[in-house]
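A quick write-up on the structure given underneath.
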Amino acid sequence: MTFISASIKAFLNREVSLAKLELVIVELPQVKPFRSAIGVRTSRKALIIKWHTNKGVVGYGECSCRPDPFYSHEFVDGAIQVIEEFIFPLLKQATTYAKVLAVLSKIRGWNFTKAAIEFAMNDAIRRSTGKGILETWERPRLEKVPVGISMGLFENGLQMTEAIKEAETEGYKRLKFKINPEYANPEIFKSLKASSHANLSFDANGLFTYNDFDALAQFASLGCMIEQPFGPGNSYLQSEFEKRHTKLINCPDEEVETLGQLIEQKGNLAELNIKPGRVGGLYNTIEMIEYCFAHNIPAWIGGMFETGIGRAQNLQIASFLMGAKAHDQSPSNRYFKKDVLKEPIEMVDGKIDSSYFLHPEIDEKVFEELTLSNIVLKS
Ligand code: OSB
Ligand code: MG
């Protein structure tokens, strides 16, 4: 079973060179704090991989895992160790795209980390030749990509109502709210029901358990999609829930890291959030999207609060999902005072134009200003 086209297979044979790898940690100050069940965050620390070819071309890739292991097991310092100790030494013998993928596939898990290496390599190829793996994929693409906003937890209904109004004015195509069992209170439901937005959804980040069915039922009864209601590996709870309550419009996020896990979700999933980092890179993402096309699974591209580097790449992928209503790819100024791109990503009427994401250029001066540390790996 394969979902990869002949032209992409041929592309994988292309040669790649690696003179050195840079592992850069940047920290982007946020315009305002973001509150989730994990905690309050006021800045985004991100790991950016710079892949230098023998000809001096540099490709960029973002490792979009969190600095802590609270979304998945991966965290930034761990990612650096895995690259330094286990990935970089093997990359010396990897002289084609396919061989680099083979090296990465030796590492169990660490999808965000492996993805970042592939992103950077592919970006270096695209910058050298004008054609990366996505340019090789013969599928129609959108000029303008619709985006949604992911909203943190609010302290009260009033705060939530204000934020809903603001997001509606800005034109977002979907409003997604972080939820947890304690959040099921009348004030919150009142604000939600007052919204006239046609596309509301929830993200539970796996926080509902067997003991929280009543709270979950209150959200489910609104008829909105709920992302990752139960903890990863606990999707058996869905049928238990549906026996006693109502149907769930389930959209897995954390739960699906591989194509196999997606296939096993059958019957549970209504749609799928694909994060290219979470599923281990571009090749895996293409394969997963092809599977979704073949099985009519509505899929969209999720976010990890990426910098412009990761965002632009996610948007490039999102442009292939012609039918998706919205992707969690809000523009730069939604989170950051300063982004690392020369032209920060902007949204007009809830959409982002391809001129912002097809050929992003890094503002090296800002990139350096925001750099916290830099490790150079050279053989
Ligand atoms: O669950 O979708 C999530 C960010 C970090 C970790 C997990 C999630 C998120 C988001 C970010 O919701 C959405 C965005 O990037 O705008
Ligand atoms: Mg999510």
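The values are calculated or read from the model by the stated rules, or taken from the named source; none is laboratory data. No experiment lies behind these values; they were computed from the predicted model shown. Positions of Cβ are backbone-derived with ideal geometry, glycine not excepted, and every protein chain shown enters the neighbour counts.
Brief remarks follow.
- Considering only residues in the stretch 305-324 that are over 23 Å from Glu74 (Cα atoms) and within 16 Å of ligand 2 (Cβ to nearest atom), the one that is surrounded by the fewest Cβ atoms within 10 Å (Cβ to Cβ) turns out to be Ala324.
- Considering each residue of the stretch 79-95 in turn, none proves to be under 25 Å from Asp363 (Cβ atoms) and in contact with a Pro (Cβ under 9 Å, 6 or more places away or on another chain).
- Identification of helices (runs of 4 or more DSSP H) wholly contained in the stretch 1-104 with 3 or more residues that are surrounded by 15 or more Cβ atoms within 10 Å (Cβ to Cβ) and touching a Phe, Trp or Tyr at 6+ places or on another chain (Cβ under 9 Å) yields 76-82.
- The requirement of being more than 13 Å from ligand 1 (Cβ to nearest atom) and not hydrophobic (A, V, I, L, M, F, W, C) is not satisfied by Gly231.
- Within the stretch 105-126, being surrounded by fewer than 17 Cβ atoms within 10 Å (Cβ to Cβ) and either assigned to a helix (DSSP H, G or I) or among the hydroxyl-bearing types (Ser, Thr, Tyr) (or both) holds for Ser105, Lys106.
- Unique residue being of a type in the set (A, V, I, L, M, F, W, C) and within 16 Å of ligand 2 (Cβ to nearest atom) when the list is Leu192, Leu200, Leu134: Leu200
- Looking across Gly302, Gly277, Gly260, Gly231, one residue alone is modelled with pLDDT of 95 or more, within 14 Å of ligand 2 (Cβ to nearest atom) and surrounded by fewer than 17 Cβ atoms within 10 Å (Cβ to Cβ). It is Gly231.
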